[in-house]
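In what follows, a single structure is set out as structure tokens and then discussed.
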Amino acid sequence: MSRKDNRCIHVLHVVPGLGPGGMELAMARVITALTGPEMRHSIACLKGEAEIATHLPDETGIHCFHSRPNEPQLPARLGRLIRQIRPTVIHARNWGAWPDVTVGRLLAWPIVPLIYSFHGLGRAGYMPLRRRLASRILVKMTTHLFTVSEQSRRMLVAHWSWPDGKVGVIPNGVDTVLYTPGRARRARKRLVVGTVGNLRPVKNHALLIRSAANLVARSVNLEIRIAGEGDERTSLEELAGSLGFANRVHLIGYAEDIPAFLRKLDIFVLSSDSEQHPNALIEAMSSGLPCVATRVGSVDEVLDSGRCGRIVEPGDLNGLSDAIMDLAGDRELRSRLASAGREQVCEKYSLERMIPAYSEMYERLSIVRTH
């Protein structure tokens with residue numbers, strides 16, 4: 001990237017919130033990797049506080065709007081921010097950030113190029129019809145569109161009628177040095193099965209707990225560890241208690257050190273009802289864990305149609321139980337899947353592949369100003 005005429009790229013990232021979710025932490029990795037003399041970053045957080053501020057470089061400008069649902073003044077407020085900080089490109093992530101900033105950028109001159117990226121839905125299922133119709137208008141007002149997997153791209157084209165030639169793909173990337181296999185795990189009496197994800201209905205941690213209870217009833221000695229926080233905590237605790245399984249379910253809350261958490265597991269399970277390109281899964285694969293995942297989003301791509309891990313249908317209690325049991329009873333199978341998963345991530349889903357794609361996109365689309 002040339003610095004001729006002291007030009008500097010300034011990216012304004014617009015996000016619904018800054019909680020410790022996969023999309024937000026992936027954004028933090030991009031910002032951290034691309035902060036320097038030639039590129040700087042600001043964030044407009046529309047709701048809540050900047051919970052992941054410690055994951056961001058100190059020089060990142062964070063603007064928390066604390067907006068109300070459907071707040072009519074929000075586009076104007078965003079327009080004022082754009083005029084104030086003068087970004088060279090705007091990047092909105094997911095639906096909750098898209099409509100308001102699309103309108104808000106029209107209130108600042110010159111109009112700043114707008115990128116929109118789709119990372120997933122808050123609930124399982126397709127977006128409501130009214131949003132799909134509105135998105136067709138927003139697409140025409142957006143400079144560039146991309147999503148995180150080929151499966152997701154096909155869905156946006158086929159079900160949302162987005163123009164095929166306008167939707168790109170940048171897969172999520174993981175730090176394969178940070179997320180690396182630990183020491184060889186010693187055989188232990190109780191198998192540790194775990195997952196990482198906010199405690200929300202779409203993650204369907206209840207399915208994992210029910211599957212584990214089934215396996216204990218079939219004399220499989222295991223426990224469950226779930227890293228994440230959310231509104232489902234009480235219901236999950238009650239479920240574990242009703243199954244007589246409470247002493248084997250550990251809801252550890254928000255984990256600051258996810259790599260360390262993963263290194264203490266024997267098997268990783270993604271039991272979600274909806275995902276696009278699950279960061280938690282590729283982090284577990286990079287950490288050398290054998291994985292079981294529901295067939296959602298890009299899981300078929302990530303696990304290479306089952307070569308790198310077991311795939312079950314969403315909501316399939318018996319299928320998930322059987323897949324975990326297969327791995328629990330076969331140490332050699334766990335080792336083989338773990339090796340294949342690590343190799344897959346290093347080849348296709350590393351930061352070394354993701355970061356240059358973001359850098360090229362921001363450079364190509366920016367209106368580069370002289371500061």
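Only the coordinates and a few stated rules stand behind these numbers; no lab work does. It should be emphasised that the depicted structure is a prediction, and the values quoted were computed from it without experimental measurement. Note: ideal-geometry Cβ built from the backbone for every residue, glycine included; neighbour counts use all protein chains shown.
For the chain, compute the number of Lys pairs whose alpha carbons are separated by less than 24 Å, excluding pairs fewer than 8 positions apart on the same chain. Walk me through the numbers on the way to the answer.
On the way: Lys47/Lys203; Lys140/Lys166; Lys166/Lys348; Lys189/Lys264; Lys203/Lys264.
Counting lysine pairs in the chain gives 5.
Listed peptides 240-247, 74-81, 312-319 appear in the order 74-81, 312-319, 240-247 once ranked by packing, highest mean of other Cβ atoms within 10 Å at the front.
Ordering Ala255, Val30, Ala280 by Cα displacement along the dipole of the chain toward the positive end leaves Val30 in first place; charges were set at the Cβ atoms of Lys, Arg (+1) and Asp, Glu (-1). Modelled spin-label separation between Asp326 and Ile137, with each label point placed 7 Å from Cα along the Cα-to-Cβ direction: 4.8 nm. Charge dipole (Cα centre; +1 on Lys/Arg Cβ, -1 on Asp/Glu Cβ; no other charges) of the chain amounts to roughly 520 debye. Stretching Leu107 away from Ala246 to a fully extended chain increases their span by 44.6 nm, per 0.36 nm per residue minus the current alpha-carbon distance. Packing, as the average of other Cβ atoms within 10 Å across residues, places the peptides 291-300, 53-62, 20-29 in the order 291-300, 20-29, 53-62, highest first.
Between Ser305 and Asp58, the contour length at 0.36 nm per residue exceeds the Cα-Cα span by 84.8 nm. Extension gain for Lys166-Arg154 works out to 3.1 nm (0.36 nm per residue, less the C-alpha to C-alpha distance).
For the range 191-348, a crude dipole built from +1 on the beta carbon of Lys and Arg and -1 on the beta carbon of Asp and Glu, taken about the Cα centre, is about 360 debye to the nearest 20.
Below 8 Å between Cα atoms, with a sequence gap of 6+, how large is the relative contact order for the range 191-348 in percent?
On the way: 288 pairs, mean separation 37.3, N = 158.
Worked out over the range 191-348, it gives 24 percent.
Counting only DSSP beta bridges with both residues in the range 1-135, the antiparallel share comes to about 5 percent. Exposure proxy ranking for Trp98, Trp162, Trp109, based on other Cβ atoms within 10 angstrom of each Cβ and starting from the fewest, stands as Trp109, Trp162, Trp98. Each label point was placed 7 Å from the Cα along the Cα-to-Cβ direction; for His66 and Thr180 their separation is 4.3 nm. With q set to 0.16, 0.18, 0.29, 0.31 Å⁻¹, the log10 of I(q)/I(0) for the range 165-206, from the Debye formula over equal scatterers at the Cα positions, is -0.85, -0.95, -1.02, -1.06. Here r is the Cβ-Cβ distance between Glu51 and Glu313 and R0 is 45 Å; the resulting FRET efficiency, rounded to 0.05, is 0.85.
In the chain, Cα pairs under 8 Å separated by at least six residues give a relative contact order of 17 percent.
The ranking of Val167, Val14, Val220 from fewest to most other beta carbons within 10 Å of each one's beta carbon is Val220, Val167, Val14.
The residue list Gly182, Ala323, Val148 was ranked by how far each Cα lies along the charge dipole of the chain toward its positive end, using unit charges on Cβ atoms, and Val148 comes out on top. Under 5 Å between amide hydrogens, which residues at least 5 positions from Ile62 or on another chain qualify, with H placed 1.01 Å from N in the peptide plane? The list, which skips near neighbours in sequence, is Ile43.
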